[in-house]
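The values are calculated or read from the model by the stated rules, or taken from the named source; none is laboratory data. Quick caveat: nothing in here was measured; it's all calculated off a predicted structure. All Cβ positions, glycine included, derive from the backbone under ideal geometry; neighbour counts span all protein chains shown. Note: areas computed on protein heavy atoms with side chains; ligands, DNA, RNA excluded. Shrake-Rupley method; radii C 1.70, N 1.55, O 1.52, S 1.80 Å.
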Amino acid sequence: MPALPLGDLELLPLSDGYFALDGGAMFGVVPKPLWERVAPPDARNRIRMAMRPLVVRGRHTLLIDAGVGDKVDAKAGGIYGFDRDRHLAHALADAGLTEDDIDIVVATHLHFDHAGGFTSRGRDGRVGPRFPRARYIVRRQEWDDALTPHERNRASYFNENYVPLRDAGVLELVDDDAEVVPGVHLRRTGGHTRGHQMITIESGGRTAVFVADLIPTTAHVPLPWIMGYDLYPMETLEFKRAFLREALDREYLLLFEHDPVTAAGYLRERNGKLEVEPA
Ligand SMILES: [Zn+2]
């Protein structure tokens with residue numbers, strides 16, 4: 001995917017490869033005869049999902065989420081069918097970047113498919129921050145929940161993906177919808193997790209939004225198409241309802257982290273239905 005200019009900034013949707021999640025879980029209450037038309041399942045009922053971290057390049061180089069990384073064991077690898085022949089390190093290199101170039105890493109939330117790539121295992125077997133110069137920004141609500149998981153969300157949280165950031169002194173916890181660097185704001189959505197946040201990027205009078213798991217793929221634009229994984233689906237519904245209206249009215253460029261085909265696009269209303277026009 002080529003770089004997307006946004007005012008004085010450049011947006012680079014990168015790839016950490018693909019994985020597969022149960023189609024029923026991905027679409028919640030939507031019956032299979034409906035979702036299988038837009039997201040065809042494999043023999044194990046799983047649908048293909050991308051992992052697409054975003055680099056925002058301006059005076060600073062930001063990375064939003066970092067994919068699953070390479071600490072996954074064989075059991076999880078089998079369940080989730082990771083396809084990472086080409087992963088984030090390749091994508092960074094293709095963009096002329098190295099891990100040293102990243103100044104700030106921002107977490108939408110700490111599920112493994114977003115935060116796994118925040119840390120890496122060194123030659124001595126120890127896990128530490130992967131981006132040596134970066135500070136890492138995490139919402140405190142999400143941090144607290146990740147460290148005290150319950151039976152419903154435990155399978156998504158692995159301490160080795162984020163605790164080493166705190167131990168290395170590179171973690172910055174934020175409580176509010178802070179501005180990370182000029183034009184880049186955190187915005188809590190809740191819904192998927194209590195502390196789930198999306199990232200808005202503004203420059204030159206234009207706005208792009210990295211919507212993360214609020215709208216993981218373009219198939220999740222219709223209001224009731226909400227993941228079964230969401231802890232607070234009614235919160236997702238209400239946030240999504242208001243946000244889709246706003247995104248349409250203000251012509252936001254939306255960045256889809258998990259869509260296997262479409263990395264970015266604009267909402268369009270056709271015959272009363274919302275669609276995504278790829279950018
Ligand atoms: Zn998630």
Shape call, the stretch 81-232: gyration tensor on alpha carbons, a/c limit 1.5: rounded
Gyration tensor (alpha-carbon) shape descriptor, the stretch 40-116, a/c threshold 1.5: prolate
Within the accessible area of the stretch 196-241 (1.4 Å probe), percent carbon and sulfur: 63 percent
Residue-averaged 222 nm ellipticity for the chain, from DSSP H runs of 4+ at -39500 (n - 2.57), nearest 500: -5500 deg cm²/dmol
Pairwise centroid distance, computed over Cα atoms, of the stretch 260-277 with the stretch 102-133, Å: 32 Å
Protection-proxy order for peptides 40-50, 59-69, each taking the mean of Cβ atoms within 10 Å per residue, highest first: 59-69, 40-50
Inter-part distance where the stretch 218-237 and the stretch 33-61 are each reduced to a Cα centre, Å: 15 Å
The stretch 188-279: relative contact order as a whole-number percent, Cα under 8 Å and 6+ apart: 28 percent
Magnitude of the charge dipole, the stretch 41-125, Cβ model with Lys/Arg +1 and Asp/Glu -1, debye to 20: 280 debye
